[in-house]
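Read through the structure below, which is laid out as structure tokens, and then see the notes.
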């Protein structure tokens, strides 16, 4: 593992497909991986001084000191994982430098007892990602700078798929045996329409449904020791006998471990949990906690503990992402002195003080035994 990472950092290897890629894990193999893990609790992570994936990872704005500070706060409250988004354009531009920064991030996370779940692709928010300096946050608007990976242009152009394949095989291959990594979330909400932005392809769901099996295959061809997954996120018809959307068939049939999103009341979350338990595989909730929608630490986190399901909430430190603001801020920006009644996402203020001390106390209590 160390030899491969060093070779990537030195820019001396090509990212060849192994002779024999592994199969999808059996439920028994997945349980064998999950059994030794601590109960997984963490957040979707972006440093407070970054507006999106580019600002987190580009060399001009990559900030190890800030990351070290914030992951220290996470460790102190009992968190042991973080879900972290990558981007295909970062690898295309500079695989050597990007791999080096990922390795730096992993060194910091390991120091704090945190294993990240890396996200390779994401269909949410801005469909026209561009590297370089990013625009400042739009005042009063939730997540106003997040970018899709791949963008619409690449998704609609099969000629770019070899580039995407090289990214998946390259980044997974570089870290395929790295035990500092929890796993690979190959595509976040792949059929999300990102309705906040114009110009989304009408056949987006069809495009990603056709491409997603290949993405799983590309990642699996690197023979990673970590699990692969892609989380279901709409509705509740997720049990083996339910009628699934085509994208859900791919997600549920290809994932080594099952992941899902839930921003609803506890009753709905537990219904989803029990339906997914029928697959006999480990389960991780990779997005939850939207206070204004009824999803809270108080209501959801104890359910994860009860069902032995990993829990990763959206948002950690309030910052340029502005996800303390609700989704409807896209229609009604919180400007002119108007502020939301309560924070939507996020756990800590930018200086590390808790938004609600009782929430931090709950996380610490539930992760300590």
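The values are calculated or read from the model by the stated rules, or taken from the named source; none is laboratory data. Please read all numbers here as calculations on a predicted model, not as lab measurements. A quick note on method: Cβ atoms are made from the backbone with ideal geometry, for glycine too, and the neighbour counts reach across all protein chains shown.
Values for this structure:
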{"read-out": "Test: residue in the stretch 27-35 that is under 28 Å from residue 255 (Cβ atoms), in contact with a helix residue (DSSP H, G or I) (Cβ under 9 Å, 6 or more places away or on another chain) and touching a residue at least 12 places away in the same chain (Cβ under 8 Å)", "value": "no"}
{"read-out": "Evaluation of residue 66 against (1) surrounded by 16 or more Cβ atoms within 10 Å (Cβ to Cβ); (2) out of contact with any helix residue (DSSP H, G or I) (no Cβ under 8 Å at 6 or more places or on another chain); (3) in contact (Cβ under 8 Å) with a residue 24 or more places away in the chain; (4) within 20 Å of residue 354 (Cα to Cα) (one fails), failing number", "value": "(3)"}
{"read-out": "Some residue of the stretch 78-85 being in a helix (DSSP H, G or I), surrounded by 17 or more Cβ atoms within 10 Å (Cβ to Cβ), in contact with a helix residue (DSSP H, G or I) (Cβ under 9 Å, 6 or more places away or on another chain) and modelled with pLDDT of 95 or more", "value": "no"}
{"read-out": "Number of the exception - residue 106 against (1) over 15 Å from residue 56 (Cβ atoms); (2) touching a strand residue (DSSP E or B) at 6+ places or on another chain (Cβ under 9 Å); (3) surrounded by fewer than 23 Cβ atoms within 10 Å (Cβ to Cβ)", "value": "(1)"}
{"read-out": "Residue check, residue 90 crowded, with 19+ Cβ neighbours inside 10 Å and under 30 Å from residue 301 (Cα atoms)", "value": "no"}
{"read-out": "Count of the stretch 207-252 residues which are touching a helix residue (DSSP H, G or I) at 6+ places or on another chain (Cβ under 9 Å), free of Cβ contacts under 8 Å to residues at least 12 places away in the same chain and not in a loop (DSSP other than H, G, I, E, B)", "value": "1"}
{"read-out": "Single unsatisfied condition, residue 305 versus (1) touching a residue at least 40 places away in the same chain (Cβ under 8 Å); (2) over 25 Å from residue 52 (Cβ atoms); (3) crowded, with 19+ Cβ neighbours inside 10 Å", "value": "(3)"}
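Here is a yes/no grid of residues against (1) under 16 Å from the mean Cα position of the chain (by Cα); (2) surrounded by 16 or more Cβ atoms within 10 Å (Cβ to Cβ):
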site: 169; (1), (2): no, yes
site: 177; (1), (2): no, yes
site: 205; (1), (2): no, yes
site: 214; (1), (2): no, no
site: 226; (1), (2): yes, yes
site: 233; (1), (2): yes, yes
